[in-house]
Amino acid sequence: MIADQQTTLFAADGVRISASHVAASDDTAARAFVVAHGFTGGWRQERVQRVVIQLREFGGVVALDM
């Protein structure tokens, strides 16, 4: 599993949201992506990790469990 940093975010209503941050593979990248899955996904799942790995080539990635 790829995650430079794991954290918990809090929604305005207090709901906890598990999240991971993966830095861009190139430190000079100025883009950021947010990956929010559908009803049956989570940032720890292999299929979501594959997307994160591809996106990090172009910028930092934050992936959420919703």
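The numbers here are math on the coordinates, done by the rules we state, and not lab data. Predicted, not measured: the structure shown is a model, and the values here were computed from it. Quick reminder, even Gly has a Cβ in these numbers, built from the backbone with ideal geometry, and neighbours come from all protein chains shown.
Summary table below
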| read-out | value |
| --- | --- |
| DSSP bridge orientation in the chain - percent antiparallel, rounded to nearest 5 | 65 percent |
| About the Cα centre, charge dipole magnitude for the chain (Lys/Arg +1, Asp/Glu -1 at Cβ), debye | 160 debye |
| Calculated over the chain: convex hull of Cα atoms, volume per residue (Å³) | 81 Å³ |
| Most to least packed among 15-24, 57-66, 30-39 [average Cβ atoms within 10 Å] | 57-66, 15-24, 30-39 |
| Relative contact order, percent, region 5-64 [alpha-carbon distance under 8 Å, six or more residues apart] | 43 percent |
| Computed [θ] at 222 nm, deg cm²/dmol, the chain (DSSP H ≥ 4; -39,500 (n - 2.57); rounded to nearest 500) | -4500 deg cm²/dmol |
